[in-house]
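Chemist: Questions regarding the structure given below will be posed in turn.
The values are calculated or read from the model by the stated rules, or taken from the named source; none is laboratory data. Because the structure is a prediction, the values reported are computed rather than measured. Because the Cβ atoms are built from the backbone with ideal geometry, glycine has one as well, and the counts that use them run over all protein chains shown. Ligands, DNA and RNA are excluded from the accessible area calculation, which covers all protein heavy atoms including side chains. Shrake-Rupley method; radii C 1.70, N 1.55, O 1.52, S 1.80 Å.
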Amino acid sequence: MHFNLARGVDLDVLPTKQFKMNHVLINFTTPQTRTNATARNLLANLLETSTHRYPTQTALARQLAKLYGAYVGMGVGRVGQLHTVRLRATFVNDQIADTNLFDQVVDLINEILFHPLIDQNEFDGPTFRIQANNLKSSIMSLYDDKQFYANRQLMKLYYPEDSAMRIPSFGQVSDLAGLTAQNLVPVYQQMIENDKVNILVLGDVDPEKIRATFAQLPFDGRSVAPLVPYYRQSLYQDVQRATEHQSVVQAKLNLGYRLPVYYHDRNYYAGLVFNGLFGGTPYSKLFTNVREKASLAYYATSRLLPFSGFLGIQTGIRAQDAAKVEELIGQQLADLVAGKFSFQELSEVQDSLINQYRASHDYANNILGRQLLTTLLDLPEDRDVAAKINAVTAADVQRVAAELKLQATYLLSGEK
């Protein structure tokens, strides 16, 4: 059930008895720029750790313990060109708790979002410094994963230098030096006052009561320009290539392709099936032919990003096999364009995708995530997903495969 609480502030309630827990997602959305991702991530960390009523992480944790061990946390994400700050709350429903736990959790959410530890137009200094250092350590630790590092380097090759798409949603360490307890306050005000707000509630709840409860949060109406998540990039004349040498046992060869298939456009389901056949499932050509038959990769997978028009391949290989692996990957794509795959292979991938979709309904966060996209992008409810996947033909797969254009390759090698 959908409610508009104020201009630019929407509430969706999904009543269900499927889960013993209630789930709340509050999503703040704005276009990502080259400079706002790090600040918004640091802001999320500050908001979830201290408020005026609960000025320390310990005080906040004690309050959560009183709420039957409720969870309330914040993080960041991305939907194509859009940056999101998300508050998630999970707690037992009122019937099990035998108290008005929902109202108490919303009261805490109100405290976190609208009463941060800000005095005299700056965040608490010691808390700011702790969270800034924690974020720096967190980001740096991500790059210790060499496949993660290789993928980020591929993104730098694929996206133009002036594109915000180069900047990950969690931000970058280099931006932290320019952030202060003072200049983060306008970032907070911008988010609370101007971001598009989507509130989603899933659980054994009464929609009208939920509407009345969330209507009490002091969200003002805001003028939100139409949000454009889809990123489209022109083709490079030449493939962008880079090789880097580090002390790694297993080399990483990553490839980036432009694939103009977008979330719920006419080729979306054909794109999902194509990706499943190419490298996105255990039935794929990359898994079967590059990893298993040729034994040229420890792993080889592909992933479609349907808001960016991008398909990426990640492999773990021996450095001396890089040229062979790239050539064999190209052959797998050529085979898909030519229709060199069996009806059984197509059916196995379709069944696998349908099973994944059905299994995702067992997880509240997946249900909320799909509903968020539907509401945020003003899309009709997606029905008959299994039928749409099964309706994809071999010709559809060939048509999508022919659209794939290699744009960037990055090799992280342990050999010189």
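Chemist: Among the numbered criteria (1) out of contact with any helix residue (DSSP H, G or I) (no Cβ under 8 Å at 6 or more places or on another chain); (2) surrounded by fewer than 21 Cβ atoms within 10 Å (Cβ to Cβ); (3) in contact (Cβ under 8 Å) with a residue 40 or more places away in the chain; (4) within 21 Å of Pro116 (Cβ to Cβ), which single criterion is violated by Thr16?
Modeler: (4)
Chemist: Would you be able to say whether some residue in segment 339-347 is surrounded by 14 or more Cβ atoms within 10 Å (Cβ to Cβ) and under 26 Å from the mean Cα position of the chain (by Cα)?
Modeler: Scanning segment 339-347 turns up no residue that is surrounded by 14 or more Cβ atoms within 10 Å (Cβ to Cβ) and under 26 Å from the mean Cα position of the chain (by Cα).
Chemist: Tally up the residues in segment 264-284 that are touching a Leu at 6+ places or on another chain (Cβ under 7 Å) and surrounded by fewer than 20 Cβ atoms within 10 Å (Cβ to Cβ), please.
Modeler: Number satisfying all stated conditions: 1.
Chemist: Still on this model: Could you pull out the residue among Arg78, Arg62 that is within 30 Å of Gly203 (Cα to Cα), outside any helix (DSSP H, G or I) and either free of Cβ contacts under 8 Å to residues at least 24 places away in the same chain or open to solvent by 30 Å² or more (accessible area, probe 1.4 Å) (or both)?
Modeler: None of the others qualify; the one that does is Arg78.
Chemist: Could you tell me whether segment 114-130 includes any residue that is in contact with a Leu (Cβ under 8 Å, 6 or more places away or on another chain), crowded, with 19+ Cβ neighbours inside 10 Å and within 29 Å of Tyr363 (Cβ to Cβ)?
Modeler: The answer is no, given that none of the residues of segment 114-130 is in contact with a Leu (Cβ under 8 Å, 6 or more places away or on another chain), crowded, with 19+ Cβ neighbours inside 10 Å and within 29 Å of Tyr363 (Cβ to Cβ).
Chemist: Read through the list (1) surrounded by fewer than 19 Cβ atoms within 10 Å (Cβ to Cβ); (2) closer than 30 Å to Asn121 by Cα, then give the number of the only condition that Pro207 fails.
Modeler: (2)
Chemist: Next up: Can you tell me which of (1) surrounded by 17 or more Cβ atoms within 10 Å (Cβ to Cβ); (2) part of a helix (DSSP H, G or I) is the one Ala386 doesn't meet?
Modeler: Only one criterion is unmet by Ala386, namely (1).
Chemist: Kindly indicate whether any position in segment 290-303 is among the basic types (Lys, Arg), at pLDDT 95 or above, farther than 21 Å from Ala401 by Cβ and open to solvent by 30 Å² or more (accessible area, probe 1.4 Å).
Modeler: Within segment 290-303, not a single residue is among the basic types (Lys, Arg), at pLDDT 95 or above, farther than 21 Å from Ala401 by Cβ and open to solvent by 30 Å² or more (accessible area, probe 1.4 Å).
Conditions (1) under 20 Å from Thr374 (Cα atoms); (2) in a strand (DSSP E or B), marked per residue:
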{"position": "Phe3", "(1), (2)": "yes, yes"}
{"position": "Lys17", "(1), (2)": "no, no"}
{"position": "Asn27", "(1), (2)": "yes, yes"}
{"position": "Thr30", "(1), (2)": "yes, yes"}
{"position": "Ala37", "(1), (2)": "no, no"}
{"position": "Val72", "(1), (2)": "no, yes"}
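Chemist: Continuing with this model, one more query. Search segment 211-223 for residues being open to solvent by less than 50 Å² (accessible area, probe 1.4 Å) and not polar (S, T, N, Q), and hand back the single one that is farthest from Glu403 (Cα to Cα).
Modeler: Per the stated criteria, the residue is Ala212.
Rundown of residues vs (1) over 24 Å from Glu381 (Cα atoms); (2) in contact (Cβ under 8 Å) with a residue 24 or more places away in the chain; (3) not in a helix (DSSP H, G or I), yes/no style:
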position: Tyr263; (1), (2), (3): no, yes, yes
position: Gly271; (1), (2), (3): no, yes, no
position: Phe274; (1), (2), (3): no, yes, no
position: Pro282; (1), (2), (3): yes, yes, yes
position: Leu286; (1), (2), (3): yes, yes, no
position: Arg291; (1), (2), (3): yes, no, no
position: Leu296; (1), (2), (3): yes, yes, yes
position: Phe307; (1), (2), (3): no, yes, yes
position: Gly312; (1), (2), (3): yes, yes, yes
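Chemist: Here's a follow-up. I'd like to know if segment 90-98 contains one or more residues that are out of contact with any Ser or Thr (no Cβ under 6 Å at 6 or more places or on another chain), in contact (Cβ under 8 Å) with a residue 12 or more places away in the chain, open to solvent by 60 Å² or more (accessible area, probe 1.4 Å) and on the phi > 0 side of the Ramachandran plot.
Modeler: no
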